[in-house]
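**Student:** What follows is a structure written as structure tokens; I'll ask about it next.
The values are calculated or read from the model by the stated rules, or taken from the named source; none is laboratory data. Since the model is a prediction, treat every value here as computed from it, not as a measurement. All Cβ positions, even for glycine, are placed from backbone atoms using ideal geometry, and neighbour counts span all protein chains on display. Remember, those area values only see protein heavy atoms, side chains included, never the ligands or the DNA or RNA. Shrake-Rupley method; radii C 1.70, N 1.55, O 1.52, S 1.80 Å.
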Amino acid sequence: MNVDREKFFNDGFLIIRNCIPPEQLDGLRDSFEVLVERQKAIWASERGPDDPPGGAWETSGQPRLSGYERLIDPTTADTVEICLHENTMGVCEQLMRAEAGAQNKMFMCSPVRDYGPASWHRDIHPVDQAPLRGLQMDLLENAPGYLQWNIPLYDDNVLWTVPGSHRRGNTEAENKQLCESSQVPLPNSIPVEMNAGDGVVYTNTIFHWGSNYSTKLRRTIHLGYRSFGGPIFPYVCHFHRNLDFTRHLSPDARSVFERHARLYREECDVIESTFRAIIDKNADAFREGLAVIHPGGSGRIVCLILLSKVAYKMRFSSHPVRAAFGSDISQDIDLGPRFSSAELETLWERFVKLDETIQSHEEQFIPGFQSGPMRYYFEEMPTGFDVEDFIASWET
Ligand SMILES: O=C(O)CCC(=O)C(=O)O
Ligand SMILES: [Fe+2]
């Protein structure tokens, strides 16, 4: 598979024709339909008192199987094994220049009635990730650390993007348009036209849009991969903690997930020792740890901001501006129990100065993100505050 890295960096996405080998398409359609039926039964059983009999299947604008690996058995293992194919995982590895862990496995279906367009957005929540410009700079100067896919099993042009919007903040015209209506085409946007079995791999920092959730049959695999051992620390950085589903997979496929789970544990160990270096004010050990977590020489401050969010989540279990702050995208759940509460307090103290540099005294809001109004900057990175300033701030 020849992957056009330059086109990906330029546009923010890349269409892979026949991503699913044609001889596998029918089998995958059958397998996924089995999973849909299983999920529909779960939704029906979980419906609320005022819901229709089908529950979420009938009430959702985009019925989505989230974590579909939990629904598989040996006869539907192909739904997970396709995530390890050279046309999916292999493409991610070339783009990331790293190993690519297949983390998020979702499947998007058409709704039972027309819902029309969703809202334009970037899948970024700066409240617990980092300002957009930092995430973008890290990608452009190093490599993507997190990649998302849509792989339709039937022809699909629901997804639109604004090519190149992963390289910049929102324009004034975009902000104006989004405030008036976020559900009409943005300037310079295009549909991603895909035939059954094609795939699009994209950075979800890009502006994208579910343009029309209609009853036209939609069965689209939606995946997220995080890098291991690449130049950057991914902004979606957790990995499967429960590998139960892998017992249904071929031994080769299982060993890939086991390998990535091991890389995840090793990463947790390095983050722990780096946090301990911070607690101990051991600048050399801290620099060394940070260079292992984020080998790329530029953009380490972005990694540090992401680590500050992990430290925050371990220290505080809730957050004033986002109820779902603790949502499961990072290592805090795994790492929290390794520290005493006194250690977590000290660790957070060391991050307070950095945390101040990424917020304003006034509420901020820029449309098109997954964060509501808050004091953290949505787009702009701090100026004049880098890794060495972080170390210096421990003494103030
Ligand atoms: O429906 C799609 O293809 C887009 C989905 C999406 O962007 C989302 O759910 O965040
Ligand atoms: Fe999205």
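**Student:** Which of these, Pro74, Pro117, Pro231, has the largest mean-square fluctuation under a Gaussian network model of the chain (Cα springs below 10 Å)?
**Tutor:** In this elastic network of the chain, the residue with the biggest mean-square fluctuation among Pro74, Pro117, Pro231 is Pro74.
**Student:** Could you work out what % of the accessible surface of the chain is carbon and sulfur, using a 1.4 angstrom probe and leaving DNA, RNA and ligands out of the count? Working shown, then result.
**Tutor:** On the way: 7850 of 16290 Å².
Exposed carbon and sulfur together represent 48 percent of the surface.
**Student:** For segment 181-218 and segment 60-88, what is the separation of their C-alpha centers, rounded to whole Å?
**Tutor:** 21 Å
**Student:** Over segment 1-155, what relative contact order in percent results from Cα pairs under 8 Å that are six or more residues apart?
**Tutor:** On the way: 127 pairs, mean separation 38.3, N = 155.
So the answer I get is 25 percent.
**Student:** Further question: Please build a GNM for the chain, connecting alpha carbons under 10 Å apart, and tell me which residue among Asp123, Asp138, Asp334 fluctuates the most.
**Tutor:** Checking each option, the largest mean-square fluctuation is seen for Asp334.
**Student:** Keeping every protein chain in place, order Glu356, Glu266, Glu272 by accessible area at 1.4 Å, biggest value first, i.e. largest first.
**Tutor:** On the way: Glu356 105, Glu266 80, Glu272 40 Å².
Ranked from most to least accessible, the order is Glu356, Glu266, Glu272.
**Student:** Here is a follow-up. Assign unit charges at the C-beta atoms only (+1 for Lys and Arg, -1 for Asp and Glu), then state the dipole size of the chain relative to its Cα centre in Debye, rounded to the nearest 20.
**Tutor:** On the way: 39 positive and 57 negative charges, 56 e Å.
The calculation lands at about 260 debye.
**Student:** Mind listing which trypsin sites (Lys or Arg not before Pro) in segment 193-269 are in a DSSP loop and have 16 or fewer other Cβ atoms within 10 Å? Working shown, then result.
**Tutor:** Working: sites: Lys216, Arg218, Arg219, Arg226, Arg241, Arg247, Arg254, Arg259, Arg262, Arg265; in loops: Lys216, Arg218, Arg241.
When the trypsin sites (Lys or Arg not before Pro) of segment 193-269 are filtered for loop state and at most 16 Cβ neighbours within 10 Å, Lys216, Arg241 remain.
**Student:** Follow-up. How large is the accessible surface of Asp128 in square angstrom, using a 1.4 angstrom probe and rounding to the nearest 10?
**Tutor:** So the heavy atoms of Asp128 present about 10 Å² to solvent.
**Student:** Then there is this: Give the Debye-formula value of log10 I(q)/I(0) at each listed q (0.09, 0.17 Å⁻¹), with one equal scatterer per alpha carbon of segment 268-396, two decimals each.
**Tutor:** Those come out to -0.25, -0.94, one per q.
**Student:** Taking a ≥ b ≥ c as the square roots of the eigenvalues of the Cα gyration tensor of segment 1-150, is the shape rounded (a/c under 1.5), prolate (a/b larger than b/c) or oblate?
**Tutor:** Values: a/c = 2.26, a/b = 1.41, b/c = 1.60.
Note, shape of segment 1-150 comes out oblate.
**Student:** Follow-up. So how do 205-211, 143-149, 233-239, 277-283 stack up, highest first, on mean other-Cβ count within 10 Å?
**Tutor:** On the way: 205-211: 22.9, 143-149: 26.3, 233-239: 24.7, 277-283: 17.0.
Descending mean neighbour count gives 143-149, 233-239, 205-211, 277-283.
**Student:** Counting heavy atoms of the protein chains only and a 1.4 Å probe, report the per residue accessible area for segment 5-257 as a whole number of Å². Before the final figure, lay out the partial values.
**Tutor:** Values: 9520 Å² over 253 residues.
Each residue of segment 5-257 exposes 38 Å² on average to a 1.4 Å probe.
**Student:** Using only the Cα atoms, work out Rg/Rh for the chain, with Rh taken as the Kirkwood radius, to two decimals. Please report the intermediate quantities before stating the final value.
**Tutor:** Details: Rg = 21.2 Å, Rh = 22.0 Å.
Reported Rg/Rh, Kirkwood definition of Rh: 0.96.
**Student:** When all protein chains stay in place, what accessible area (Å², nearest 10, 1.4 Å probe) is found for Leu135?
**Tutor:** 10 Å²
**Student:** If a paramagnetic tag sat 7 Å from the Cα of Arg29 along the Cα-Cβ line, which residues of segment 67-99 would have the backbone N under 12 Å from that point?
**Tutor:** Within reach of a label on Arg29: no residues.
**Student:** Another question, then. About its Cα centre, what dipole magnitude does segment 194-286 give when the only charges are +1 on Lys and Arg Cβ and -1 on Asp and Glu Cβ, stated in debye to the nearest 20?
**Tutor:** Magnitude of the dipole: close to 480 debye.
**Student:** Using a 10 angstrom cutoff on alpha carbons, build the Gaussian network for the chain and name the most mobile of Ala311, Ala100, Ala130.
**Tutor:** Ala311
**Student:** Normalised by the residues of the chain, what does the relative contact order come to in percent, with Cα pairs under 8 Å and at least six apart? Show your work: numbers first, answer last.
**Tutor:** Numbers: 714 pairs, mean separation 83.7, N = 396.
Computed over the chain, the figure is 21 percent.
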